[in-house]
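Chemist: Pasting a structure here, questions to come.
The values are calculated or read from the model by the stated rules, or taken from the named source; none is laboratory data. Here the structure is a predicted model, which means the values were calculated and not measured. Neighbour counts run over all protein chains shown; Cβ positions are idealised from the backbone, glycine included. Ligands, DNA and RNA are excluded from the accessible area calculation, which covers all protein heavy atoms including side chains. Shrake-Rupley method; radii C 1.70, N 1.55, O 1.52, S 1.80 Å.
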Amino acid sequence: MSQRKRASNTQSSQNKGVRSQRWEAVLGDDEDDPSFTQPSTSQVQKGLDRLTPAQVDLKTAEVVQFIFVKDQKKFPIRRADIVKHVVKEYRNIYPEIIKRVGCVFETVFGLKLVEIDSKNHVYILINKLEQLEGESLNMSPSNPKTGLLFVILSIVFMKGGVVKESMVWNTLKKLRVDQGERHEIFGDVKKVVTDEFVRQRYLEYVRIPHTEPLEFEFRWGQRADMEVSKVKLLEFIGQLHEQDPQSWTQQYREATAPPAAPAVVTSANTSASVSQR
């Protein structure tokens, strides 16, 4: 193997290691429950046969409430936590419960429960941040953190999907948001951006290999990809610069490309979906 290939493989492994460590930090130290195995369709049906519809409905409602509480900080929700703290002795019908939970979120609340990591079984709730046709896009002063996030996502998007941390801070400094000073609204700005937004999966904050001193770069996170409309974002940038969004050819092409369908938790993609008698 050539020296160049070895270097490329080493860098790729380091990037994966950094992302893996950051993902573990998001989820916490506890691993998925090794004693829990996804029940088969027949096992789920047997479990349902021993329960009343009211019992299943009550447990479904408890899981919905649990996810709502966990989602307040926009942090990912693990299957292990749902099973351990809520489902408990009903674990043999977990696939049916999570299917019903997904349907409740979508039909009652207009939200989508999405599994963003099928290996570790990690979920997030998403709400499409699409606005009504013709409605102007602006940063709501009632939610300044959303405005701050929107600025950072705009910078990353316009720079091709990845941008050095230093460039983000230089841009924010022009907007009087300095990582070295405590902000009157955001408090510790660096913690909000590099910890809170990252834990919420709006941003990825990745170490750049072989840099001394250490350097990091930002990318869009999975939640941003699912919730934020790149078309609306580009329209907003066009308004700021008084330009047609189509004048940014590459970004416009990316914004108007058909999005990949998220793994929404419904009966269609639940491995063991059954109907109760």
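Chemist: Of everything in the range 18-62, what is part of a helix (DSSP H, G or I), among the hydroxyl-bearing types (Ser, Thr, Tyr) and at pLDDT below 80? Give them in sequence order.
Modeler: Within the range 18-62, Ser20 is the sole residue that qualifies.
Chemist: Let me ask something additional. Of the conditions (1) at pLDDT below 90; (2) part of a helix (DSSP H, G or I); (3) open to solvent by less than 70 Å² (accessible area, probe 1.4 Å); (4) of a type outside the set (Phe, Trp, Tyr), Val193 clears all except one; give me its number.
Modeler: Going through the list (1) at pLDDT below 90; (2) part of a helix (DSSP H, G or I); (3) open to solvent by less than 70 Å² (accessible area, probe 1.4 Å); (4) of a type outside the set (Phe, Trp, Tyr), Val193 breaks only (1).
Chemist: Additional query: Quick check on my filter: what residues within the range 74-98 are of a type in the set (Lys, Arg) and closer than 24 Å to Gln200 by Cα?
Modeler: Lys74, Arg78, Arg79, Lys84
Yes/no matrix, rows are residues, columns are (1) farther than 30 Å from Arg100 by Cβ; (2) in a loop (DSSP other than H, G, I, E, B); (3) at pLDDT 65 or above; (4) not charged (D, E, K, R):
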residue: Val231; (1), (2), (3), (4): yes, no, yes, yes
residue: Leu234; (1), (2), (3), (4): yes, no, yes, yes
residue: Arg253; (1), (2), (3), (4): yes, no, yes, no
residue: Pro259; (1), (2), (3), (4): no, yes, yes, yes
residue: Ser267; (1), (2), (3), (4): no, yes, no, yes
residue: Val274; (1), (2), (3), (4): no, yes, no, yes
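Chemist: Something else: Which numbered condition in (1) small (Gly, Ala, Ser); (2) surrounded by 11 or more Cβ atoms within 10 Å (Cβ to Cβ); (3) modelled with pLDDT under 85 is the only one that Gly161 fails?
Modeler: (3)
Chemist: So Met139 ticks every box in (1) surrounded by fewer than 16 Cβ atoms within 10 Å (Cβ to Cβ); (2) modelled with pLDDT of 90 or more; (3) aliphatic (A, V, I, L, M) but one. Which box is left unticked?
Modeler: Here Met139 meets the rest and fails (2).
Chemist: A further question follows. Given the conditions (1) modelled with pLDDT of 85 or more; (2) under 22 Å from the mean Cα position of the chain (by Cα); (3) crowded, with 19+ Cβ neighbours inside 10 Å, which single one is not true for Gln65?
Modeler: Exception for Gln65: condition (3).
Chemist: Working only within the range 99-110, note down all residues that are touching a Leu at 6+ places or on another chain (Cβ under 8 Å), buried (at least 18 other Cβ atoms within 10 Å of the Cβ) and not aromatic (Phe, Trp, Tyr).
Modeler: If the condition is that a residue be touching a Leu at 6+ places or on another chain (Cβ under 8 Å), buried (at least 18 other Cβ atoms within 10 Å of the Cβ) and not aromatic (Phe, Trp, Tyr), then Val101, Gly102 are the ones that fit.
Chemist: Filtering the range 165-179 down to residues that are over 21 Å from Val228 (Cβ atoms) and outside any helix (DSSP H, G or I), which residue is least open to solvent (accessible area, probe 1.4 Å)?
Modeler: Of everything passing the filter in the range 165-179, Asp178 is least open to solvent (accessible area, probe 1.4 Å).
Chemist: Counting just the residues of the range 198-230 that are more than 19 Å from the chain's Cα centre (by Cα) and aliphatic (A, V, I, L, M), which one comes out nearest to Arg78 (Cα to Cα)?
Modeler: Ranking the qualifying residues of the range 198-230, first place goes to Ile208.
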